[in-house]
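Read the structure below first, then the notes.
The values are calculated or read from the model by the stated rules, or taken from the named source; none is laboratory data. No experiment lies behind these values; they were computed from the predicted model shown. Quick reminder, even Gly has a Cβ in these numbers, built from the backbone with ideal geometry, and neighbours come from all protein chains shown.
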Amino acid sequence: MGKAWTFGENMNTDEIIPGRFNITIDPLELAKNVFCEVKPEYSKNIKPGDIIVGGQNFGCGSSREHAPIAIKGSQTKCIIAPSFARIFFRNAINIGLPILECPEAVAGIREGDEVDVDLSSGQIRNLTSGATFQARPLPDFVLKIAEAGGIVNFLKEHDIQELMA
């Protein structure tokens with residue numbers, strides 16, 4: 001359960017973390033400046049488990065992994081949006097940042113609402129309004145990647161031959 005932080009449509013990777021801060025790949029360092037130009041209070045007030053609720057085409061722009069790494073470093077539980085830029089979607093999965101597509105939840109959640117998300121079932125509950133939404137749940141292998149902290153850690157923990165069988 002966490003607080004909802006809302007963002008508009010076409011949130012691009014430079015708005016998530018401006019290029020001038022991309023001199024590191026350390027998640028905690030990047031998190032200090034995440035959303036610094038569009039929502040400066042975010043990095044100072046985010047709490048572990050809070051949820052990002054974005055608009056259409058969230059994460060558009062460059063293919064740099066810095067944007068999802070910065071969000072993950074802020075200890076956000078997940079991002080909910082109607083749609084994601086494809087490269088952001090893939091980068092988020094690769095680093096173990098859970099993302100859910102659910103236009104109805106985006107329309108039904110406001111800034112500051114208390115939200116609970118069950119990643120395995122895809123159920124999203126707005127505890128402030130009492131509304132419940134159903135996103136397509138993350139596939140088991142994506143949940144395992146997220147639990148491992150990203151695809152690199154996942155592959156370190158599993159025998160690649162076993163996965164290919």
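What to note about this one:
- Among the residues of the range 9-61, those identified as among the basic types (Lys, Arg) and closer than 26 Å to Glu101 by Cβ are Lys39, Lys47.
- Complete set of residues in the range 13-48 that are more than 13 Å from Ala70 (Cβ to Cβ) and touching a residue at least 12 places away in the same chain (Cβ under 8 Å): Lys47, Pro48
- Looking across the range 10-34, the residues that are of a type in the set (S, T, N, Q) and either modelled with pLDDT of 95 or more or surrounded by 14 or more Cβ atoms within 10 Å (Cβ to Cβ) (or both) come down to Asn10, Asn12, Thr13, Asn22, Asn33.
- Among the numbered conditions (1) assigned to a helix (DSSP H, G or I); (2) touching a residue at least 24 places away in the same chain (Cβ under 8 Å), the only one that Lys144 does not meet is (2).
- The requirement of being of a type in the set (Val, Ile, Thr) and modelled with pLDDT under 95 is satisfied by Ile95.
- Looking across the range 108-125, the residues that are assigned to a strand (DSSP E or B), in contact (Cβ under 8 Å) with a residue 40 or more places away in the chain and surrounded by 17 or more Cβ atoms within 10 Å (Cβ to Cβ) come down to Val115, Val117, Ile124.
- Candidates are the residues of the range 35-79 that are among the β-branched types (Val, Ile, Thr) and within 12 Å of the chain's Cα centre (by Cα); the one that is farthest from Ala135 (Cα to Cα) is Ile69.
- Residue satisfying all of: in the range 110-162; among the polar types (S, T, N, Q) and either at pLDDT 85 or above or in contact with a Leu (Cβ under 6 Å, 6 or more places away or on another chain) (or both); farthest from Lys72 (Cα to Cα) among these: Ser129
- Some residue of the range 52-62 being more than 19 Å from Gly149 (Cβ to Cβ) and at pLDDT below 95: yes
- Subset of the range 35-52 [more than 24 Å from Asn126 (Cβ to Cβ), surrounded by fewer than 17 Cβ atoms within 10 Å (Cβ to Cβ) and not charged (D, E, K, R)]: Pro40
- The residue pairs whose first member lies in the range 53-64 and is on the phi > 0 side of the Ramachandran plot, whose second member is part of a loop (DSSP other than H, G, I, E, B), and whose beta carbons are closer than 8 Å, counting only pairs six or more residues apart or on different chains, are Asn57/Glu9; Asn57/Asn10; Asn57/Met11; Asn57/Ser83; Asn57/Ala85; Gly59/Met11; Gly59/Ala85; Gly61/Ala85.
- Scanning the range 1-59 for residues that are assigned to a loop (DSSP other than H, G, I, E, B), out of contact with any Pro (no Cβ under 9 Å at 6 or more places or on another chain) and either closer than 25 Å to Glu114 by Cβ or not hydroxyl-bearing (Ser, Thr, Tyr) (or both) yields a total of 23.
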